[in-house]
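Following: one structure in structure tokens, then a few remarks.
The values are calculated or read from the model by the stated rules, or taken from the named source; none is laboratory data. Keep in mind that what you see is a predicted model, and the values were worked out from it rather than measured. Don't worry about glycine lacking a Cβ; one is built from the backbone with ideal geometry, like all the others, and counts go over all protein chains shown.
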Amino acid sequence: MVAENIPEADDRMVVADNIHKHYGRLHVLRGVDLEVRRGEVCCVIGPSGSGKSTFLRCVNHLEKISAGRLWVNGQLMGYREKNGRLYELRESEVAAQRRDIGMVFQRFNLFPHMSVLANVTEAPVQVKRMPRAEAREIAMGLLERVGLADKAGAYPEQLSGGQQQRVAIARALAMNPSLMLFDEPTSALDPELVGEVLDVMRDLAEGGMTMIVVTHEMGFAREVGDTLVFMDGGVVVERGAPRDVLDSPQHERTRAFLSKVL
Amino acid sequence: MDTQTGPSRAEASSPGTGSPEFIKAVPVRHPGRWVAAGVLLVFAAMFAHMLVTNEAFNWPFMVENMFSEPVLLGVRTTLVLTLLAMLIGVVVGIAVAVMRLSGNPVLAGVGWLYTWFFRAVPRLVLCVLFGNLGVLYNRIDLGLPFDHYWAPLLGLESARFYSFDTRDLLTPFVAALLALALSEGAYMAEIVRAGLQSVDPGQTEAAQALGMRRSTVLRRITLPQALRVIVPPTGNEATAMLKDTSLVAYVPLTTELWFQLQAIGNRTYDPFPMLVAACLWYLAITSVFMVGQYLLERSFARGDRRAGAGLRLLRVQARN
Ligand SMILES: Nc1ncnc2c1ncn2[C@@H]1O[C@H](COP(=O)(O)OP(=O)(O)OP(=O)(O)O)[C@@H](O)[C@H]1O
Ligand SMILES: [Mg+2]
């Protein structure tokens, strides 16, 4: 039962309970169940169109789910449940829930009219009302961490794809999130730039960050991931330790997919 | 690889020759251009001759009146009207565009209705209409609505707190300004909407994912990027507005440039030089506008690649 399932203060960061998502008549997610523990790195693989991005966007409520329940950090995303009824949260409340969840996109989506430093300080200053000096100090620390402190004054268009993606990671980290979502963060990069972004992500994982990573990088999934989830047709087909799933998949669909990509 | 044709490898890159000689060839001649230039020159000479010799121009009379005090005041009114109308138009345009894109069906509907009305009715008609609004209400009262129905039931005479004479509030200048500004708002709304829609939706998503509210996203992320698309047509709008101020004589607001020049022409029975003076004034002011627009656009388009194209002017520098 859903009502007894509310994960208040346990060690589960994300609980997805029977998530469905429709786009009009297109039924994209068909009952996704997934739990991600604190500190866990959960990698998601699956064929194109299987609903990986859609699921990730449901986690921070960029997409409204059509059925099911989704909790992040003990909070029901997008709704308040009272006396068995769901009440939609106001826009400001949804925004407040998202502060705790960082997201990194395939196409970086840096703000082109702002310097690298301003990209990173923007959300803390505008959303958290942090004093500029403090935001700047934190931002410089984060840029240091992703190896781009010397690019603080540059504009996104002056950076390589790998550098832009590392800035995007720093930008998300500036809000001090407890969960990071990555949607194919290296898919838009030239092969020689993939490594630098994966290194930053590996660092983050070792620092104990909870992460959901949609990726095609099987090497990363195997080495860094704690769990590997295979999605197909809008459901989680298989979930387990990366080594087990990759080396001895239990389901025919997983086998078929892996034989194509490995 | 060996090739049969062309110079051999050794020859092409023989040491010591350095870079090859620059090509010195006889360029293709374009006799047509010279003929065209000659013909145009003759026409230009004829035109200049006409300007100087034709009595109808009456240059001394024109120059004398072109800078007379009422005309200069007219220039001032026209400029003030243009700038204020554009300012209000831009603000209204942004508001209406945001309403139309808000996803709130009521606001979107109101925005659509606004645009529909003010784009459908000619500015000339709007000017006359606003000039005659006094017919509709000769007093404007502030208070609770429909009070003449319910106030007597409560034993009150009325529920109005304050009241203006429409003529005090809606002076010809205000009526003219409203007619032009509200009409401009409708056109600006479409321009702003196009600008906002040109911004990559990924920008909004990234900003929302960071926990920004919609109003913050608009103010800090989408609107600044939309300006790149909004600014050039806004320059055109300003130029069009300058010329449309000549319509406010119908409000009637008669202190404006065109009416003043025309009045002098009518009074002296010599209208033609004043027509020329009007052309010259509008040409001069428009030229100044164009220089401003050019400078603005240039700073928006300076040496940037696609994504960040032309945002230098608006770039947000992280301050210390
Ligand atoms: N906004 C939308 N409107 C309508 N359909 C959508 C929308 N977003 C996604 N879809 C559809 O939902 C399905 C799942 O898309 P999704 O992007 O989640 O797949 P994915 O697993 O991330 O694929 P990929 O590996 O190509 O990124 C696709 O069929 C897609 O066409
Ligand atoms: Mg995807």
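A few notes on this one:
- Residue in segment A:149-159 that is out of contact with any Cys (no Cβ under 6 Å at 6 or more places or on another chain), crowded, with 22+ Cβ neighbours inside 10 Å and either under 24 Å from A:Ser187 (Cα atoms) or more than 9 Å from chain B (Cβ to nearest Cβ) (or both) present: yes
- Qualifying residue in segment A:30-53 (condition: closer than 18 Å to A:Gly233 by Cα, within 16 Å of ligand 1 (Cβ to nearest atom) and within 13 Å of chain B (Cβ to nearest Cβ)): yes
- Residue in segment A:124-132 that is more than 8 Å from chain B (Cβ to nearest Cβ), surrounded by 17 or more Cβ atoms within 10 Å (Cβ to Cβ) and within 30 Å of A:Val194 (Cα to Cα) present: yes
- Pairs meeting the criteria (first residue in segment B:16-44 and exposed (fewer than 10 other Cβ atoms within 10 Å of the Cβ), second residue assigned to a helix (DSSP H, G or I), beta carbons under 9 Å, at least 6 apart or on different chains) are B:Pro20/B:Ala12.
- Verdict on A:Gly49 being under 28 Å from B:Pro201 (Cα atoms) and either assigned to a strand (DSSP E or B) or of a type in the set (A, V, I, L, M) (or both): no
- Taking the criterion of being in a helix (DSSP H, G or I) and crowded, with 19+ Cβ neighbours inside 10 Å, the residues of segment A:170-195 that qualify are A:Ala170, A:Arg171, A:Ala172, A:Leu173, A:Val194.
Condition check ((1) within 12 Å of another protein chain (Cβ to nearest Cβ); (2) within 16 Å of ligand 1 (Cβ to nearest atom); (3) over 23 Å from B:Gln208 (Cα atoms)) across all residues:
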site	(1), (2), (3)
A:Val167	yes, no, no
A:Pro177	yes, no, no
A:Gly195	no, no, yes
A:Val200	no, no, yes
A:Met209	no, no, no
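- Scan of segment B:135-166 for residues that are within 30 Å of B:Glu256 (Cβ to Cβ), out of contact with any Leu (no Cβ under 8 Å at 6 or more places or on another chain) and assigned to a helix (DSSP H, G or I), ordered by number: B:Val135
- Selection from segment B:167-219 of residues that are outside any helix (DSSP H, G or I), surrounded by fewer than 22 Cβ atoms within 10 Å (Cβ to Cβ) and facing another protein chain (nearest Cβ under 9 Å): B:Asp200, B:Arg213
- A:Glu40 being among the charged types (D, E, K, R), closer than 25 Å to B:Ala206 by Cα, in contact (Cβ under 8 Å) with a residue 60 or more places away in the chain and more than 16 Å from ligand 2 (Cβ to nearest atom): yes
- Test: residue in segment B:286-300 that is assigned to a helix (DSSP H, G or I), modelled with pLDDT of 90 or more and either closer than 26 Å to B:Leu129 by Cα or hydroxyl-bearing (Ser, Thr, Tyr) (or both): yes
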